[in-house]
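Notes to accompany the following structure.
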Amino acid sequence: MKSGFVLLAVAAVFLCFSPASADEMINGVGASFATPVYQAWAHDYDKQTGIKLNYQSIGSGGGIRQIIERTVDFGASDDPLTPERLKRFNLLQFPTMIGGVVLVVNIDGVKEGQMKMDSEAVCKIYLGDITYWDDAKIKGLNPLLKLPHAAISVVYRADASGSTAIFTNYLAGTCKDFKSSVGEGTSVKWPVGIGGKGNEGVTNYVQRSVNSIGYVQFAYAKLNKLTYVMLKNRAGKFVEPGFETFKAAAGSAKFSVKNDFYVWLNNTWGKEAWPITGATFILLAKDRKEIGVTATKFFDWAFKNGDPKVKELVYVPLPKTLKDKIRAYWKANGIY
């Protein structure tokens, strides 16, 4: 097991699923998408304030469920909730950062950034229509790569996942067959493949399985030295995942207080835009204002001090204008 994977797999061991009763402990659960950043922020916040943040990566579905049940101080999700759902469960929602979901492969002789894919190829692989690496479609995109006549081992997220929500939203928006037969959401019925729990689980499966393909948040690919692929974006250009291409995709985002910042960033226009990009969100209970204040103090601190760590782990920090909108949103709801 590689050291990067160990780092990402470590969550707060002593997580307590009960609301914070004082400004000493904040408990949150949910998306694994931004776990590396939340854990780094928590470490620095504890050193500066003495207040601990316990965050457990259980997937976006778990984060949504736990905050709806009011068993944690905040939930985290990469699958944004519509204003209607937020109203139904009396929740608030705001983004914390932007990142990319990437496809990673384990094929002998193929190095990171060498393989090219487009949405059609990815769609057909995850539908089970392309089953071998030397399929004519893949060879046509990669004429210089020596690809084996080997069955493709497809890996997906087994848990209710925001990364899955982002990935399936991308596929449903670019592939009619995927939209009609599989659909989109945090959890779908995959036609083929094997499931791994969390970004950590998918990472582990791809590392161990030759001729495999999976999707993970980019930080997991980088820290675990996984082989990521290039993707053809909406402008018709093959781009590599990274800070600049995520930033290019985020440039067209229109976050609005009026709809609780609900937005999708997949397949945006832009010559350099990475096609599978998404924001990650925090969910707070409107009826627990004291806890909300405690949580927003942490995220306010993070917005002021945490951008270097966000960039270091290859996520995109929110622009100052958006952070100010979020603070105004907190204030309007009595938690700032």
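A short reminder: the numbers here are calculations on the coordinates, not readings from a lab. The structure displayed is predicted, hence computed values, not measured ones. Virtual Cβ from ideal backbone geometry, glycine too; neighbours counted across all protein chains shown.
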## Note on the structure
Highest GNM mean-square fluctuation among Thr268, Thr71, Thr186, for the chain with Cα springs under 10 Å, belongs to Thr71
### Message
Using only the alpha carbons of the chain, what is the convex hull's orientation-averaged projected area in square nanometres?
### Response
15.7 nm²
### Message
To the nearest 20 Debye, how big is the dipole of the chain about its Cα centre, given +1 on the beta carbon of each Lys and Arg and -1 on that of each Asp and Glu?
### Response
520 debye
### Query
Roughly how many nanometres apart are two label points built 7 Å out from the Cα toward the Cβ at Lys271 and Val293?
5.1 nm
### Message
Under 5 Å between amide hydrogens, which residues at least 5 positions from Ile194 or on another chain qualify, with H placed 1.01 Å from N in the peptide plane?
### Response
Val154, Val155, Tyr156
### Query
Can you list the HN-Hα couplings for segment 71-80, worked out from phi with the Karplus curve (6.51, -1.76, 1.60; θ = phi - 60°), rounded to whole Hz and with x for Gly and Pro?
9, 9, 7, 8, x, 10, 8, 8, 9, x
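Under a Cβ-only charge scheme (Lys and Arg +1, Asp and Glu -1), can you give me the dipole magnitude of segment 96-203 about the Cα centre, in debye to the nearest 20? Please report the intermediate quantities before stating the final value.
Numbers: 11 positive and 11 negative charges, 15 e Å.
Charge dipole, segment 96-203, about its Cα centre: 80 debye, nearest 20.
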### Message
Can you give the local net charge around Glu184? Use residues other than it whose beta-carbon is closer than 14 angstrom to its beta-carbon, Lys and Arg +1, Asp and Glu -1.
### Response
+1
### Query
How many angstrom lie between the C-alpha centres of segment 262-336 and segment 240-259?
12 Å
### Task
Putting +1 on Lys and Arg Cβ atoms and -1 on Asp and Glu Cβ atoms, find which of Gly128, Gln114, Thr245 reaches farthest to the positive end of the dipole of segment 101-249.
Thr245
### Message
Looking at the chain as a GNM with Cα springs under 10 Å, which of Leu103, Leu145, Leu265 has the largest mean-square fluctuation?
### Response
Leu145
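Per DSSP H run of at least 4 residues, take -39500 (n - 2.57); add these up for the chain, divide by its residues and hand me the 222 nm value, nearest 500 deg cm²/dmol. Intermediate values should be presented prior to the final figure.
Numbers: 14 runs with 133 residues, N = 336.
For the chain, the value works out to -11500 deg cm²/dmol.
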### Query
When ranked by the protection proxy of mean other Cβ atoms within 10 Å per residue, highest first, what sequence do the peptides 204-217, 283-296 form?
204-217, 283-296
